[in-house]
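Comments concern the structure below.
The values are calculated or read from the model by the stated rules, or taken from the named source; none is laboratory data. Computed from a predicted model, the values in this text were never measured in an experiment. Don't worry about glycine lacking a Cβ; one is built from the backbone with ideal geometry, like all the others, and counts go over all protein chains shown.
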Amino acid sequence: MANLEVSLAVEHYDRHIPLLDGTVKTEGIDLKAEYVPTLEGQRHERMINDQAWDAAELSLSSYIMAKARNAPITAVPVFPRRLFSQSQMYVNTAAGIQQPSDLIGRKVGLRSYQTTLSVLAKGDLQHEYGVPLDQVTWVTCSEEVVGFAPPPNVTIEQVSSPLEIEERLITGELAAYFTPRKPEAFVAGAPEVGYLFPDSQAEEQAYYQRNGFFPIMHVVAIKADLAEREPWVVQRLFNAFEEARQVALHYYDDPNWNLFAWTPQLLKEQQQRLGPDPWANGMAANRKNLERFVQYEVDQGLIPATIPVDDLFAANWTDSN
């Protein structure tokens, strides 16, 4: 019997290279993995609106919103992108922002209100640092992937582009900007832009110690009809991502595979700080993280009610598969 052809759209991370270059083979599947960037390739929008691929790496926030609205997709418990929020929080250095509470009554830029990093950062600001969602004016610069009605007491303004957000951050019209991609002005060394947390690594280490997880940004979504028609595909895709991750780890056995002189030492330090596997897939290892994020979505008006973690994934999935 011929293999089942499955199309897959992902980012070009090290852990995806073995999928993209064909190193990892998947039993019973002819996997057509394709690099489709998030912004230029509009991967999130095309998967949610058109199911452009059989499976795709997708924003966790937009996926949960789409799932709550009965979009014809489900998910495999693979989480290929993670970020702490604290090192993605930038401030105008002349705005007098010394601590998170100084953002109360100020304007804060976001790429969009529902971008996963935006949801995480807003939620962390409220849950970890006591800054209420409705005590900040949120300024966005991109269209929302999934429509929603924000809470009535939350103020959202919109500008035309990320460039305008950066310009307003530099002038001080915005006190802060929460973004998963470094502002160009920050990269260029503009003195007007700095971190909210000057030692963001220490702050993120403290967050990990309090909560026990490295926050999820993306999940692997799959067409619901494919998961229902060929339920075995879910486990095979999970296995493929796990194998690719293990292959990628061995890239760093050779310290000259990348541009970092001390890669083995960096990996050892990460294990000491974040445990042996901060990138673990599966539901059990990520349940606390997912429950927290779902609650953030409810709090921020992105979904109407809590969704049980198990309901986010293909119906036949168990971690003991």
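Given the conditions (1) within 15 Å of PHE241 (Cβ to Cβ); (2) surrounded by 21 or more Cβ atoms within 10 Å (Cβ to Cβ); (3) within 17 Å of the chain's Cα centre (by Cα), and given that ARG43 satisfies all but one, which numbered condition is not satisfied?
(1)
Could you pull out the residue among GLU173, GLU204, GLU243, GLU144 that is charged (D, E, K, R), touching a residue at least 40 places away in the same chain (Cβ under 8 Å) and outside any helix (DSSP H, G or I)?
Values: GLU204 fails: outside any helix (DSSP H, G or I); GLU243 fails: outside any helix (DSSP H, G or I); GLU144 fails: touching a residue at least 40 places away in the same chain (Cβ under 8 Å).
Testing whether each residue is charged (D, E, K, R), touching a residue at least 40 places away in the same chain (Cβ under 8 Å) and outside any helix (DSSP H, G or I) leaves just GLU173.
Mind checking which strands (runs of 3 or more DSSP E) fall wholly inside the range 49-110 and carry at least 1 residues that are in the same structural domain as GLY189 (by TED's automatic domain parsing) and under 21 Å from the mean Cα position of the chain (by Cα)?
Ranges flagged: 89-92, 107-110.
If you scan the range 15-48, which residues turn out to be in a strand (DSSP E or B) and farther than 24 Å from SER112 by Cα? Break it down stepwise before answering.
Of all residues in the range 15-48, those in a strand (DSSP E or B) come to 26, 29-35.
Hits for the range 15-48 are THR26, ILE29, ASP30, LEU31, LYS32, ALA33, GLU34.
Check the range 191-200 and report whether any residue there is surrounded by 22 or more Cβ atoms within 10 Å (Cβ to Cβ), touching a helix residue (DSSP H, G or I) at 6+ places or on another chain (Cβ under 6 Å) and not assigned by TED's automatic domain parsing to the domain that holds LEU60.
Start the filter on the range 191-200 by keeping residues that are surrounded by 22 or more Cβ atoms within 10 Å (Cβ to Cβ), which leaves 193, 196.
Add one more test, that the residue is touching a helix residue (DSSP H, G or I) at 6+ places or on another chain (Cβ under 6 Å), and what stays is 193.
If we keep only those that are not assigned by TED's automatic domain parsing to the domain that holds LEU60 too, we end up with 193.
Scanning the range 191-200, I find at least one residue that is surrounded by 22 or more Cβ atoms within 10 Å (Cβ to Cβ), touching a helix residue (DSSP H, G or I) at 6+ places or on another chain (Cβ under 6 Å) and not assigned by TED's automatic domain parsing to the domain that holds LEU60, so the answer is yes.
Within the range 2-39, track down each residue that is within 26 Å of GLU297 (Cβ to Cβ) and among the acidic types (Asp, Glu).
Correct list: GLU11 only.
Any residue at all in the range 23-38 that's surrounded by fewer than 15 Cβ atoms within 10 Å (Cβ to Cβ), out of contact with any strand residue (DSSP E or B) (no Cβ under 7 Å at 6 or more places or on another chain) and under 24 Å from ALA71 (Cα atoms)?
yes
For the range 154-170, give me each residue that is within 15 Å of CYS141 (Cα to Cα) and not in a loop (DSSP other than H, G, I, E, B). Give the steps one after another, and end with the answer.
Kept after step one, since they are within 15 Å of CYS141 (Cα to Cα), are these residues of the range 154-170: 155-169.
Those that are within 15 Å of CYS141 (Cα to Cα) and not in a loop (DSSP other than H, G, I, E, B): THR155, ILE156, GLU157, GLN158, PRO162, LEU163, GLU164, ILE165, GLU166, GLU167, ARG168, LEU169.
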